[in-house]
Amino acid sequence: MSFEQPDGSQGLLAKNALRKAVDTEFPNYTAEIKKVDPEDARLNTALFRDFTMLGASYLLEPCHI
């Protein structure tokens, strides 16, 4: 998702390809998320952080181009 990958190549955001990758290549994790224990604060915090970053990147990608 980053602009620059560790090997120096461009990431999905730099190529304006994040939305297409999410729409066509990402699996639907809804069933897996429903299995998460609501009391597991660390896991829920990590999932919230990761999906929030992905959602913001997905929505704001056109603003960077």
Requested in this report: Taking residue 48 as meeting all but one of (1) in a helix (DSSP H, G or I); (2) surrounded by 11 or more Cβ atoms within 10 Å (Cβ to Cβ), write down the number of the exception.
Outcome: (2)
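Restricting to the range 15-36, what's the tally of residues that are more than 22 Å from residue 4 (Cα to Cα) and polar (S, T, N, Q)?
Narrowing the range 15-36 to residues more than 22 Å from residue 4 (Cα to Cα): 27-36.
Restricting the remaining residues to those that are polar (S, T, N, Q) gives 28, 30.
Residues flagged as more than 22 Å from residue 4 (Cα to Cα) and polar (S, T, N, Q) within the range 15-36 amount to 2.
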Report summary line: Of (1) loosely packed, with under 10 Cβ neighbours inside 10 Å; (2) assigned to a helix (DSSP H, G or I); (3) at pLDDT 90 or above, residue 38 fails just (2)
Query raised in the report: Could you count how many residues in the range 1-25 are surrounded by 11 or more Cβ atoms within 10 Å (Cβ to Cβ) and either among the charged types (D, E, K, R) or in a loop (DSSP other than H, G, I, E, B) (or both)?
Result: 14
Query raised in the report: Inside the range 41-63, can you point out the residues that are touching a helix residue (DSSP H, G or I) at 6+ places or on another chain (Cβ under 9 Å) and over 19 Å from residue 20 (Cβ atoms)?
Result: 47
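The values are calculated or read from the model by the stated rules, or taken from the named source; none is laboratory data. For clarity, every value in this text was computed on a predicted model and none was experimentally measured. Cβ: placed from backbone, ideal geometry, glycine included. Neighbour counts: every protein chain shown.
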